[in-house]
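Following: one structure in structure tokens, then a few remarks.
The values are calculated or read from the model by the stated rules, or taken from the named source; none is laboratory data. Since we're looking at a predicted model, the values are computed, not measured. Quick reminder, even Gly has a Cβ in these numbers, built from the backbone with ideal geometry, and neighbours come from all protein chains shown. The protein model used for the area step is the full one, side chains on, heavy atoms only, and it has no ligands, DNA or RNA in it. Shrake-Rupley method; radii C 1.70, N 1.55, O 1.52, S 1.80 Å.
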Amino acid sequence: MSGMRVVADLDLCQGHQLCQGEAPDVFGFDEDADVVVVLEKHPDEARRADVTQAVKYCPAFALTIEDGATEEEDRP
């Protein structure tokens, strides 16, 4: 199955947490590291609008959506 994969660049993340406001079931936050945590790398397609908003409003441009990704690609 292919769909979207959510990717966070932790080197760019500045801990604004705006993504959590848009999609709290997809994005969490590591307070110790002060960076985003992707809770759901492959969210359901029904979440696309909220995830897209989170990506759009990230002030640090640390989030991306990759289309056509498979969960198997994430396995070692």
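For the range 1-32, which residues satisfy the criterion of being part of a loop (DSSP other than H, G, I, E, B), open to solvent by 60 Å² or more (accessible area, probe 1.4 Å) and among the aliphatic types (A, V, I, L, M)?
Across the range 1-32, the qualifying residues are 1, 10, 12.
Take the range 39-52 and flag every residue that is among the β-branched types (Val, Ile, Thr) and open to solvent by 40 Å² or more (accessible area, probe 1.4 Å).
So the first thing to find is which residues in the range 39-52 are among the β-branched types (Val, Ile, Thr), and the list is 51-52.
Of everything in the range 39-52, just one residue is among the β-branched types (Val, Ile, Thr) and open to solvent by 40 Å² or more (accessible area, probe 1.4 Å), namely 52.
I'd like to verify a number: residues in the range 25-68 that are among the small types (Gly, Ala, Ser) and farther than 18 Å from residue 15 by Cβ, how many? Working first, answer last.
If we filter the range 25-68 for residues that are among the small types (Gly, Ala, Ser), which is where we start, we get 28, 33, 46, 49, 54, 60, 62, 68.
Those still in the list that are farther than 18 Å from residue 15 by Cβ too: 46, 49, 68.
Selection size over the range 25-68: 3.
Starting from residues that are of a type in the set (A, V, I, L, M, F, W, C) and not in a loop (DSSP other than H, G, I, E, B), keep the ones in the range 41-69 and report whichever is modelled with the lowest pLDDT.
The initial filter retains those residues of the range 41-69 that are of a type in the set (A, V, I, L, M, F, W, C), namely 46, 49, 51, 54-55, 58, 60-63, 65, 69.
Imposing the further condition that a residue be not in a loop (DSSP other than H, G, I, E, B) reduces the set to 46, 49, 51, 54-55, 63, 65, 69.
Values: 46: 95, 49: 97, 51: 97, 54: 98, 55: 97, 63: 98, 65: 97, 69: 66.
If we take residues in the range 41-69 being of a type in the set (A, V, I, L, M, F, W, C) and not in a loop (DSSP other than H, G, I, E, B), then 69 is modelled with the lowest pLDDT.
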